[in-house]
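Here is the structure we will look at.
The values are calculated or read from the model by the stated rules, or taken from the named source; none is laboratory data. Given the structure is predicted, the values throughout are model-derived calculations rather than measurements. Every residue, glycine as well, gets a Cβ built from its backbone with ideal geometry; the counts of neighbours run over all protein chains shown. With ligands, DNA and RNA removed, areas are computed over all heavy atoms of the protein, side chains included. Shrake-Rupley method; radii C 1.70, N 1.55, O 1.52, S 1.80 Å.
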Amino acid sequence: MKQFLIALCLLPALLCLAAGDDTPQERYVKKYSQMAVQEMIRSGVPASITLAQGMLESGNGLSKLATKGNNHFGIKCHKGWEGKSMRQDDDARNECFRVYPSVADSYKDHSDFLRYRDRYKFLFDLERTDYKGWAYGLKKAGYATDPNYPAKLIKYIEDYNLSRFDVLQKAEEVEVPLSPHRIEAPVVAMSNEEFHFPLTRELFSKNGVPFVYSLEGETYKSIAKYYHLFHREILGFNDLKKDQPLLPGTVVYLSFKKTHTQPGLDKYIVEEDGENFHAICQRFAVKEKSILKLNGWKKAPFLTEGDEIKLR
């Protein structure tokens with residue numbers, strides 16, 4: 001009888017414990033963990049970080065921004081946003097936030113927001129399982145103004161064991177793109193067989209396009225002569241209609257640039273107003289004409305912070 005009474009007394013506590021397993025946090029993880037994993041495979045952003053940010057920024061999917069706007073990451077409109085929006089107080093009154101057709105669109109935009117903005121690209125050089133490095137790196141890059149932002153993300157990850165979602169099967173692992181920095185990095189040409197240019201000076205390639213860094217006193221004409229090219233050819237390779245002064249260290253392509261970038265460098269998100277379209281195309285070794293067509297532009301636009309440029 002005594003044992004029965006003890007068991008009866010413990011029953012409400014056990015029921016409460018069982019009910020406590022079904023928390024808003026756990027419901028969020030259950031509902032969106034697979035979406036976070038798919039985004040990790042597509043973009044390289046750790047699923048644990050995506051989930052922790054989503055939980056924190058959206059109040060576990062229950063905030064007005066999440067329920068009315070499908071915006072789980074508190075991403076504001078910025079100047080380049082052309083989709084729907086809604087107003088809400090945040091760091092300032094009545095700020096503009098993005099509204100998405102679906103939560104999946106919000107997750108994709110969050111991944112792209114990190115992968116294709118220069119200030120966040122260093123994060124992808126970290127191990128994907130280094131959630132602490134990512135958490136502190138996000139704060140360092142200016143994602144949030146809250147000084148406790150990294151600690152909050154880490155607590156979510158550890159309390160709900162979100163790091164388990166960062167581990168992939170081998171077949172999935174090979175699909176995760178390399179760091180943007182690794183993809184974009186110039187490659188030193190080890191022989192002249194690939195590009196058929198003399199290697200009396202160091203030759204590089206980017207996006208499969210050979211180039212040299214200009215030296216003090218060189219001109220496009222002198223580099224063209226050195227590599228047995230016509231002057232007009234080398235100008236065309238570099239999207240130039242006429243000659244211009246050549247500063248030391250300038251990238252000078254020795255062949256036509258590509259029509260698009262490699263996978264993993266799908267777009268570029270402008271960081272500052274007035275960035276130069278020509279310079280961006282030179283940076284990624286892509287033809288201006290091809291990128292204009294890809295984006296539906298007739299001429300090089302004036303770029304503002306947040307503008308997205310499709311690169312493939």
**Complete:** Picked from region 65-77 (must be part of a loop (DSSP other than H, G, I, E, B) and over 16 Å from the mean Cα position of the chain (by Cα)), the residue farthest from Ser102 (Cα to Cα) is Cys77
**Asked** For Leu56, which of the numbered conditions (1) open to solvent by less than 40 Å² (accessible area, probe 1.4 Å); (2) in contact with a Lys or Arg (Cβ under 7 Å, 6 or more places away or on another chain); (3) at pLDDT 95 or above fails to hold?
**Response** (1)
**Filtered residues of region 110-135 (kept if charged (D, E, K, R) and either more than 9 Å from the chain's Cα centre (by Cα) or in a helix (DSSP H, G or I) (or both))** = Asp112, Arg115, Asp118, Arg119, Lys121, Asp125, Glu127, Arg128, Asp130, Lys132
**Fill in**
Scanning region 39-64 residue by residue, those over 20 Å from Phe165 (Cβ atoms) and in a loop (DSSP other than H, G, I, E, B) turn out to be Gly59, Leu62, Ser63
**Asked** Any idea which residue in region 139-168 is most open to solvent (accessible area, probe 1.4 Å), counting only those that are among the aromatic types (Phe, Trp, Tyr) and not in a helix (DSSP H, G or I)?
**Response** Tyr160
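Listed here are the residues, each with its yes/no results for (1) without any contact (Cβ under 8 Å) to a residue 24 or more places away in the chain; (2) more than 18 Å from the chain's Cα centre (by Cα); (3) under 19 Å from Val209 (Cβ atoms).
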| residue | (1), (2), (3) |
| --- | --- |
| Leu229 | no, yes, yes |
| Arg232 | yes, yes, yes |
| Leu247 | no, yes, no |
| Val252 | no, yes, yes |
| Gln262 | no, no, yes |
| Ile269 | no, no, no |
| Asp273 | no, yes, no |
**Item:** Unmet criterion (only one of (1) at pLDDT 95 or above; (2) surrounded by fewer than 19 Cβ atoms within 10 Å (Cβ to Cβ); (3) among the polar types (S, T, N, Q); (4) over 29 Å from Cys77 (Cα atoms)) for Ser102
**Value:** (4)
**Prompt:** Given the conditions (1) open to solvent by 30 Å² or more (accessible area, probe 1.4 Å); (2) without any contact (Cβ under 8 Å) to a residue 12 or more places away in the chain; (3) more than 30 Å from Thr304 (Cβ to Cβ), and given that Ala224 satisfies all but one, which numbered condition is not satisfied?
**Reply:** (1)
**Asked** Would you pick out the residues in region 169-182 that are assigned to a helix (DSSP H, G or I), open to solvent by 40 Å² or more (accessible area, probe 1.4 Å) and touching a helix residue (DSSP H, G or I) at 6+ places or on another chain (Cβ under 9 Å)?
**Response** Glu172, Glu173, His181, Arg182
**Asked** Do the conditions hold for Glu216, that is, is it in contact (Cβ under 8 Å) with a residue 40 or more places away in the chain, exposed (fewer than 15 other Cβ atoms within 10 Å of the Cβ) and not hydroxyl-bearing (Ser, Thr, Tyr)?
**Response** no
**Asked** Of all residues in region 78-94, which are assigned to a loop (DSSP other than H, G, I, E, B) and among the small types (Gly, Ala, Ser)?
**Response** Gly80, Gly83, Ala92
**Request:** Run Phe256 past the list (1) modelled with pLDDT under 95; (2) surrounded by fewer than 19 Cβ atoms within 10 Å (Cβ to Cβ) and report the number of the one that doesn't hold.
**Result:** (1)
**Qualifying position, being more than 29 Å from Glu275 (Cβ to Cβ), of a type in the set (Ser, Thr, Tyr), buried (at least 18 other Cβ atoms within 10 Å of the Cβ) and at pLDDT 95 or above, among Tyr116, Tyr107, Tyr131** = Tyr131
**Message:** So, in region 300-312, how many residues would count as being under 25 Å from Val252 (Cβ atoms), open to solvent by 50 Å² or more (accessible area, probe 1.4 Å) and under 21 Å from the mean Cα position of the chain (by Cα)?
**Reply:** 1
**Request:** Go through region 196-227 and count every residue that is within 18 Å of Pro248 (Cβ to Cβ), under 33 Å from the mean Cα position of the chain (by Cα) and not aliphatic (A, V, I, L, M).
**Result:** 5
**Asked** Would it be correct to say that Lys84 is among the charged types (D, E, K, R), open to solvent by 80 Å² or more (accessible area, probe 1.4 Å) and either closer than 30 Å to Val174 by Cβ or at pLDDT 95 or above (or both)?
**Response** no
**Request:** For Ala92, indicate whether it is over 17 Å from the mean Cα position of the chain (by Cα), closer than 19 Å to Gly142 by Cα and among the hydrophobic types (A, V, I, L, M, F, W, C).
**Result:** yes
**Request:** Would you point out the residue of region 278-299, among those that are open to solvent by 10 Å² or more (accessible area, probe 1.4 Å) and of a type in the set (Gly, Ala, Ser), that is modelled with the lowest pLDDT?
**Result:** Gly296
